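Only one structure is covered here, and it is reproduced in the block below.
Just so you know, all these numbers are worked out from the coordinates, no wet-lab data involved. All values derive from a computational prediction rather than experimental measurement. Cβ coordinates were reconstructed from backbone atoms using ideal geometry, including for glycine residues, and neighbour counts include every protein chain displayed.
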Amino acid sequence: MIFKRPILVTGSHRSGSTWVGKMIAESPSVCYIQEPFNLTRQPCSCGVKFDHWFQYISDENASIFHEHVQHAIGLSYNLRKPKSPKDVLHLVRDYCNFLFHRVSVRPLVKDPIAVFSAEWLAATFDMDVILLIRHPAAFAGSLKRLNWPHPFSHFLEQPLLMRDHLYPFEAEIREYAEKEQDIVEQAALLWKLIYHMVLKYQKNHRDWVFIRHEDLSRDPLSGFQALFNKLNLAFSEHIREVIREHSDPANPNQASRYNSIQLDSKSNLSNWRNRLTESEVERIRTQVEDVSSAFYSDEDWR
């Protein structure tokens, strides 16, 4: 059972979802849940094993996933057999902590990998949705820096996702699945697929919050205050101070670790210009323009 209205923070990976999720989770009324859809993690509160990156859940296949996802969002605890008396104490402590949070706070699921399932998650669990948008060149520059490829076969292996949403891109996806492309080309296609979906969400879900990473980075305090107001969460002085600390100009403009969120938020906006060549930027824009023009103007590419 879920006692408080959950929050979903999603979008593309490298879009600031960790930053946004953790700043909101500074509220004592929120409990942070880390990426239950991520194939490299297995949260203790969710027993489901996903086989695909960007798993798509709809009413047609929900029976496979519903119970397990509900465990994660509902802050259920996955009890394990204790190995020692000390382990018994830890289990009792952790279990009591879960029980406390279930009745006192709102679960916040931070998971960009859940973006294609956002509609089902929101409808099934009555979630408030925050959807982050990031400039395609910044997304590609980040993936290039980290050398993060994507297995495009994972889309083709999900016939419901291809049928419902990605069918216009089947030929491109199949080409990328059959022959590996360079990381910048991969990033451009992946961005286009994700934000093609986001455009659909914008048309169908006026109550969701859509926010560009760039806008939030330029004015974090005002942006987060608006988010807190939208979520009916108190925006305390403590939260203001934490946001200042994580976006201050004294912070580095590039993360030393891929998941670091303490950055100079304004300077971080221009990093893609140093990571990508002019030719790469042009290739990205050419590939994504039919989708990106809904979010970014000519000025945003300069």
Notebook entry, point to check: Using the Cβ atoms and a cut-off under 13 Å, what net charge is assigned to the surroundings of D59, where Lys and Arg are +1 and Asp and Glu are -1?
Noted result: -3
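Please give the peptides 4-11, 25-32 ranked by average Cβ packing (other Cβ atoms within 10 Å per residue), highest first, as a rough proxy for protection. Can you show the working numbers first?
Working: 4-11: 24.1, 25-32: 18.5.
Ranking, from highest mean packing down: 4-11, 25-32.
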Notebook entry, point to check: Label-point separation (nm) for Y167 and D248, each offset 7 Å from Cα along Cα-to-Cβ?
Noted result: 5.4
Notebook entry, point to check: Going by how many other Cβ atoms sit within 10 Å of their own, how do R285, R218 line up, fewest first?
Noted result: R218, R285
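Which length gain, in nm to one decimal place, applies between Q70 and L199 when the Cα-Cα distance is subtracted from 0.36 nm times their residue separation? Provide the component values of the computation, followed by the final result.
Details: separation 129, 0.36 × 129 = 46.44 nm, distance 2.67 nm.
Here the segment from Q70 to L199 would lengthen by 43.8 nm.
Mind scanning K179/K203; K22/K203; K22/K200; K22/K192; K49/K192 and naming the pairs with a C-alpha gap bigger than 31 Å?
Working: K179/K203 34 Å; K22/K203 28 Å; K22/K200 27 Å; K22/K192 26 Å; K49/K192 27 Å.
From K179/K203; K22/K203; K22/K200; K22/K192; K49/K192, over 31 Å: K179/K203.
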Next item on the list: Provide D128, D290, D219 in ascending order of the number of other Cβ atoms located within 10 Å of each residue's Cβ, fewest first.
Entry: D290, D219, D128
Next item on the list: Please give, to one decimal in nm, the separation of the simple spin-label points placed at N229 and R174, each 7 Å out from Cα toward the Cβ.
Entry: 5.0
Check: For the residues S117, S217, S58, what sequence is obtained by ranking on other C-beta atoms within 10 Å, fewest first?
Finding: S58, S217, S117
